[in-house]
Amino acid sequence: MSRFLNAKYAGLTAYTPGEQPRDRQYIKLNTNESPYPPAPAVLAALGAEDVADLRLYSDPEGTVLREKLAGLYGVKPGQVFLSNGSDDILNFAFMAFGADGAVFPSLTYSFYPVFADLHQVAYETVPLKEDFSVDAAALAGRGKLTVLANPNAPTGLALPLDQVEAIVAADPSHVVVVDEAYVDFGAESAAALLDQYDNLLVVMTYSKSRSMAGARLGFALGSRAIIEDLEKLKYSTNPYNVNRLTLKLGQAAVDADGYFRDNARRIMATRAKTMQALRALGFSMPDSQANFLFLTHPKLDGAAFYQACKDRGILIRHFSDPAIAQYNRVTIGTEEEMAAFVQTAQEILKEGL
Ligand SMILES: *Cc1c(COP(=O)(O)O)cnc(C)c1O
């Protein structure tokens, strides 16, 4: 830290992204990326002309992409907000709507407390139930900005729509953010509630199911007034927050919507098969509705299992939080990658740690 840093950031603990080591080729199951490339139409969407056009700024309103996404989700273009990855939207949400504090589950996306601290939003957390599911009743009506990842990370468990609605309905004078980074892997989207609630902000991303993590594209759906608030912050920080190339790729992906939905179904089928094989080996895990598993084994120390997998060329995600130190989060890759992971887990069990 330099002596120049504003003292209010001195104590900030930043988010730690999943490791991206370059020392060798790994089977990469640690950051919930898709194992499949985007749709062929997305691969073919850019030409030299688009690169030449980089001399021009991007459309700050993202007009074409917003129209397409609005059509896809049955809202008006003015109800769509675009951003450089959905983390950007979460950042803005804490900045914009956290004046009365924030609340989120005790075990969830570890970026939420970072955003809260960054914007000096006081937050409280609500413990999960015994089975790792979110306690919707305890989360509702706290009189604060409420942030719910649904499905939740790193558990993979989703709340049914009626419970999400109960949270949104319980406090009309505060925004409820539903972070749906993983919604396409089997959960119900709260986008269906947008007609009825003007305090709901549904946040989605191209990073997971749409196979475009590197493009950095997120979007949010909400009432026009909430979207206007986010636009105010965007135009006060970075009006051209989505670059030209990404806008174009994002449009092509909406046009090829069925393609990524097929991929999501493939990933869900691989997930079911992998869960079954791992449970047969003695692993336990919640019934994931996301593209990852959150697993533990009575005979394997969590951190040691992570390291043993890494030594054998498979990267999974271990978290330092003591409450979940015996767990690891494993992204669903291709059928072959998951077969390799199951095989490796079996070997580690046989050989011992
Ligand atoms: C991956 C993820 C995000 C954001 O990803 P972006 O790449 O910034 O769009 C947001 N929330 C959760 C819960 C995630 O897992």
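Assorted remarks:
- Here the simple spin-label model places points 7 Å from the Cα toward Cβ, and for Ala41 and Ser320 these points are separated by 4.5 nm.
- Separation of alpha-carbon centers, the range 216-278 and the range 1-77, rounded to whole Å: 9 Å
- 222 nm mean residue ellipticity, helices alone, for the chain (DSSP H n ≥ 4; -39,500 (n - 2.57); rounded to 500): -11000 deg cm²/dmol
- Whole-number D in µm²/s for the range 211-347 (Stokes-Einstein; Kirkwood sum over Cα pairs; 20 °C, 1.002 mPa s): 120 µm²/s
- Full-stretch length increase - Lys299, Asn243 - with 0.36 nm per residue and alpha-carbon distance subtracted: 15.3 nm
- Rg/Rh ratio calculated on Cα atoms of the chain (Kirkwood radius): 0.96
- Heavy atoms of Thr246: accessible area, 1.4 Å probe, square angstrom to 10: 10 Å²
- Computed from the C-beta positions of Leu353 and Arg266 and an R0 of 30 Å, the FRET efficiency is 0.40 to the nearest 0.05.
- For the chain, the residue among Ala181, Ala170, Ile324 whose Cα projects farthest onto the positive side of the dipole built from Cβ charges is Ile324.
- Solvent-accessible area per residue for the chain (1.4 angstrom probe, square angstrom): 45 Å²
- In this simple spin-label model, placing a label point 7 Å from the Cα along the Cα-to-Cβ direction at both Tyr235 and Glu67 gives a separation of 2.1 nm.
- Centre separation in Å (Cα based) which lies between the range 313-353 and the range 165-198: 32 Å
- Put simply, when 90-102, 272-284 are sorted by average Cβ atoms within 10 angstrom per residue, most first, you get 90-102, 272-284.
- Sequence-distant residues sharing a close amide H with Leu128 (under 5 Å, placed H): Ser106, Leu107
- Added length on full extension, which subtracts the Cα-Cα distance from 0.36 nm per residue, Gln20 to Ser2: 3.8 nm
- Straight-line reach from Lys129: taking Cα to Cα under 28 Å and skipping same-chain neighbours fewer than 8 places apart, the lysines in range are Lys144, Lys208, Lys273, Lys299.
- Spin-label pair Ala138/Asp311, simplified geometry with 7 Å Cα→Cβ offset, distance in nm: 3.8 nm
- Whether the range 236-279 is rounded, prolate or oblate, judged on the alpha carbon gyration tensor where a/c under 1.5 counts as rounded: oblate
- Sequence-distant contacts, meaning Cα pairs under 8 Å at least 6 residues apart, place the relative contact order of the chain at 23 percent.
- For the chain, the carbon plus sulfur part of the accessible surface works out to 51%, probe radius 1.4 Å.
The values are calculated or read from the model by the stated rules, or taken from the named source; none is laboratory data. All of these numbers come straight from a predicted model, not from anything done at the bench. As a convention, Cβ positions derive from the backbone with ideal geometry for all residues, glycine included, and neighbour counts pool all protein chains shown. Each accessible area value is taken on the protein alone, full model and side chains, heavy atoms only, with ligands, DNA and RNA left out. Shrake-Rupley method; radii C 1.70, N 1.55, O 1.52, S 1.80 Å.
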